[in-house]
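Novice: The structure follows.
The values are calculated or read from the model by the stated rules, or taken from the named source; none is laboratory data. Keep in mind it's a predicted model, so treat the numbers as computed, not measured. Backbone-built Cβ (ideal geometry, glycine too); neighbour counts: all protein chains shown. Surface areas here come from the heavy atoms of the whole protein model, side chains and all, with no ligands, DNA or RNA. Shrake-Rupley method; radii C 1.70, N 1.55, O 1.52, S 1.80 Å.
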Amino acid sequence: MNVIKSLLLFILAGICEIGGGYLIWQWLKEDKPYWYGLAGAVILALYGIAATWQTANFGRVYATYGGVFIVLALLWAWKVDGFKPDRWDMIGAGIALIGACIIIYMPRHHIV
């Protein structure tokens, strides 16, 4: 799979998971209307679907997604919640993202 397409799918999945979770959080913790929770549930289901569009196997996709999720969660917190990541947040997220990219994008040599 094209790396750019794959990264965009990871970003789509992350936005769906974080956005859906955020809506449910708003419903349950911030007293928003019930439809926040319903919308969040639908969006979380879309996250599960978006992840299946990757071509690698389940374990490798979800291991990689963990690193992408860390970066997206910090970006969401910064832009939506006003949390300002510090340099240690950024360094940790960078390490996680590098590890995630190694897991999914490095060539594999299969011995037959």
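Novice: Please give the peptides 100-110, 35-45, 52-62, 16-26 ranked by average Cβ packing (other Cβ atoms within 10 Å per residue), highest first, as a rough proxy for protection.
Specialist: Packing proxy ranking, top to bottom: 16-26, 35-45, 52-62, 100-110.
Novice: Just the accessible area per residue of the chain, please: how many Å² with a 1.4 Å probe?
Specialist: Result: 67 Å² of accessible area for each residue.
Novice: Amide H neighbours of LYS32 under 5 Å, at least 5 residues apart or on other chains, H built in the peptide plane: list them.
Specialist: Counting only residues 5 or more places away or on other chains, the set is TRP27.
Novice: Hey, another quick one. Heavy atoms only, probe 1.4 Å: what % of the accessible area of the chain goes to carbon and sulfur, would you let me know?
Specialist: Carbon and sulfur atoms account for 71 percent of the accessible area of the chain.
Novice: Could I ask something else about it? Express the C-alpha Rg of region 1-63 as a ratio against the empirical globular expectation 2.2 N^0.38 Å, rounded to two decimals.
Specialist: Normalised by 2.2 N^0.38 Å, the Cα Rg of region 1-63 equals 1.27.
Novice: What 222 nm value per residue comes from the helices of the chain, counting each DSSP H run with n ≥ 4 as -39,500 (n - 2.57) and dividing by all residues, nearest 500 deg cm²/dmol?
Specialist: Roughly -27500 deg cm²/dmol at 222 nm, from the helical runs in the chain.
Novice: So what is the diffusion coefficient of region 46-112 in µm² per second by Stokes-Einstein at 37 °C and 0.692 mPa s, using a Kirkwood Rh over Cα pairs?
Specialist: This corresponds to a translational diffusion coefficient of 246 µm²/s.
Novice: What does the C-alpha gyration tensor say about the overall shape of the chain? Classify as rounded when a/c is under 1.5, otherwise prolate if a/b is larger than b/c, or oblate.
Specialist: Since a/c reaches 1.5 but b/c is at least a/b, the shape of the chain is classed as oblate.
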